[in-house]
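Let me begin by presenting the structure, written as structure tokens, before commenting on it.
The values are calculated or read from the model by the stated rules, or taken from the named source; none is laboratory data. As the structure is a computational prediction, the values presented were derived from the model and not from experiment. Cβ atoms come from the backbone with ideal geometry, glycine included; neighbour counts cover every protein chain shown. Heads up: the accessible areas ignore ligands, DNA and RNA and are worked out on the full protein's heavy atoms, side chains in. Shrake-Rupley method; radii C 1.70, N 1.55, O 1.52, S 1.80 Å.
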Amino acid sequence: MPWCGPLMLAVSAFGFFPQSILIIGGIAALLWQGGYRTESRFALAASASVILTEGIKQIIGRPRPNADLVTVVQ
């Protein structure tokens, strides 16, 4: 199935920075407008965890392992 790889890349793109921040922020805004204040705060906390993770990655600055060190099962 040659279309499976591009499909998986497209679907997983929403989970990466900065798209994930924009999506979570939009959801939090909608929850806030709907009167779900606590749920909105939890969504913002999830967004903060994404920012924290990206910050740690930048501080560490270690590259991902190359293909020689990783076995990919297909």
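Tabulated values for the structure
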{"item": "Chymotrypsin sites (Phe, Trp or Tyr not before Pro) within region 1-55: DSSP coil, no more than 16 neighbouring Cβ in 10 Å", "result": "W3, F16, Y36"}
{"item": "Dipole magnitude of the chain about its Cα centre (Cβ charges: Lys, Arg +1; Asp, Glu -1), debye to nearest 20", "result": "140"}
{"item": "Segment A46-M1, length gained on full extension (0.36 nm per residue, minus Cα span)", "result": "12.8 nm"}
{"item": "Percent carbon-and-sulfur accessible area, region 34-74, ignoring ligands, DNA and RNA, probe 1.4 Å", "result": "60"}
{"item": "3J(HN,Hα) from dihedral phi, region 5-21, Karplus parametrisation 6.51/-1.76/1.60, rounded to Hz, x for glycine, proline", "result": "x, x, 5, 5, 5, 5, 5, 6, 4, 5, x, 9, 6, x, 4, 4, 5"}
{"item": "Solvent exposure of the chain as accessible area per residue, Å², 1.4 Å probe", "result": "87"}
{"item": "Karplus (6.51, -1.76, 1.60) ³J(HN,Hα), θ = phi - 60°, over region 28-43, in Hz, Gly and Pro reported as x", "result": "4, 5, 5, 5, 4, 5, x, x, 9, 5, 5, 5, 4, 5, 5, 5"}
